[in-house]
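*Asks:* Sharing a structure with you now.
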Amino acid sequence: MPSSPRLAALAALALALLLPSAAAALTIDVSFTASTYQVQAGDRYADLLAEHTSGVVLGASSVTSLAGVSTSVYAPGNTTDYSVLMSVQLVAAQSGSYQFQAGVDWGRGGVAAVLDNGTGATVSELVRTDDIWWAYDWNHSDVFVTGANLTAGESYTLAWIGFEGCCAGSSTIRFSYEGSPFTVLDTGSMGPYAAVRAPGAAALLGAALVALPLLRRRR
């Protein structure tokens, strides 16, 4: 016999509970750890990530924007000897050329990298060993730009790791797609370039199995 509206609602609820709600198109995270490391010639992204993660965690947050990232916001009371990791996880919605502009305070250097999560390959990487301070001026010579060609449907990590001795200036990341004007990287501006993956077949089957007993009991 046809299922009632109540049964349909229960089945829909089961599906909603089992599946991720609109699987996040992208996630943005910031973390600070204690560190006195000075970036060296020959260091790679993996080396600097290991240095960052080896330190005592001073603060870690999931955020909506990479604007004004500083210890005063995410690790209060810490102004010296730390490292910062700013990272973005996304599945690209649009293939093309992406550029990333970094205004940072990395007195001991750092790295900007794009990683292919599917293969583990480094798509692009720029290591800086010098003292970088952008002075909140996008025209400053210490502002730097990196870029990568991303492929729609592929999963990527965008990452910036910096090391600072003193004195905790804030950092901001902006991006550009196919030569468009740079805009602050946040969930709103980057959202159109990040895809939401459809539920997998296994998840859909699981949802159906959850809903089926509900339907049978109400016949």
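*Asks:* Where residues in region 112-135 are surrounded by 16 or more Cβ atoms within 10 Å (Cβ to Cβ) and within 15 Å of the chain's Cα centre (by Cα), which of them is nearest to Y177 (Cα to Cα)?
*Replies:* V114
*Asks:* Also, I was wondering about something else. Based on this model, can you work out whether T146 counts as touching a strand residue (DSSP E or B) at 6+ places or on another chain (Cβ under 8 Å) and polar (S, T, N, Q)?
*Replies:* yes
*Asks:* Which of the residues belonging to region 75-119 are touching a residue at least 24 places away in the same chain (Cβ under 8 Å) and part of a loop (DSSP other than H, G, I, E, B)? Reasoning before the result, please.
*Replies:* So the first thing to find is which residues in region 75-119 are touching a residue at least 24 places away in the same chain (Cβ under 8 Å), and the list is 75, 78-118.
A75, N78, T79, A93, Q94, S95, V104, G107, R108, G109, N117, G118, listed by residue number.
*Asks:* In region 30-51, what residues are more than 16 Å from the chain's Cα centre (by Cα) and either closer than 20 Å to C166 by Cα or not assigned by TED's automatic domain parsing to the domain that holds F100 (or both)?
*Replies:* The answer is T33, A34, S35, T36, Y37, Q38, V39, Q40, L48, E51.
*Asks:* Further question on the same structure: If a residue must be farther than 20 Å from F163 by Cβ and touching an Asp or Glu at 6+ places or on another chain (Cβ under 6 Å), how many such residues does region 93-117 contain?
*Replies:* Residues flagged as farther than 20 Å from F163 by Cβ and touching an Asp or Glu at 6+ places or on another chain (Cβ under 6 Å) within region 93-117 amount to 2.
*Asks:* Sticking with this one: Within region 160-172, can one find any residue that is small (G, A, S) and farther than 15 Å from S70 by Cα?
*Replies:* For region 160-172, residues small (G, A, S) and farther than 15 Å from S70 by Cα: absent.
*Asks:* Next up: Kindly establish whether V127 is β-branched (V, I, T), in the same structural domain as V63 (by TED's automatic domain parsing) and closer than 18 Å to Q40 by Cα. Lay out the reasoning, then the answer.
*Replies:* Numbers: β-branched (V, I, T): yes; in the same structural domain as V63 (by TED's automatic domain parsing): yes; closer than 18 Å to Q40 by Cα: yes.
The answer is yes for V127.
*Asks:* For the list (1) among the hydrophobic types (A, V, I, L, M, F, W, C); (2) buried (at least 20 other Cβ atoms within 10 Å of the Cβ); (3) in contact with a Gly (Cβ under 7 Å, 6 or more places away or on another chain), I need the number of the one condition that W138 fails.
*Replies:* So the condition that W138 fails would be (2).
*Asks:* Let me ask something else about it. Would you tally the residues in region 52-64 being part of a helix (DSSP H, G or I) and buried (at least 18 other Cβ atoms within 10 Å of the Cβ)? Walk me through how you get there before you give the answer.
*Replies:* Start the filter on region 52-64 by keeping residues that are part of a helix (DSSP H, G or I), which leaves 52-54.
This time we only want the ones that are buried (at least 18 other Cβ atoms within 10 Å of the Cβ), so: 52.
Total satisfying the criteria: 1.
*Asks:* Does region 101-118 contain at least one residue that is closer than 25 Å to A25 by Cα and among the acidic types (D, E)?
*Replies:* yes
*Asks:* Going residue by residue through region 154-168, is there one that turns out to be out of contact with any strand residue (DSSP E or B) (no Cβ under 8 Å at 6 or more places or on another chain) and surrounded by fewer than 14 Cβ atoms within 10 Å (Cβ to Cβ)?
*Replies:* If we filter region 154-168 for residues that are out of contact with any strand residue (DSSP E or B) (no Cβ under 8 Å at 6 or more places or on another chain), which is where we start, we get none.
No, every residue in region 154-168 fails to be out of contact with any strand residue (DSSP E or B) (no Cβ under 8 Å at 6 or more places or on another chain) and surrounded by fewer than 14 Cβ atoms within 10 Å (Cβ to Cβ).
The values are calculated or read from the model by the stated rules, or taken from the named source; none is laboratory data. In this text the structure is predicted, and so the values were computed from the model without any measurement. Cβ coordinates were reconstructed from backbone atoms using ideal geometry, including for glycine residues, and neighbour counts include every protein chain displayed.
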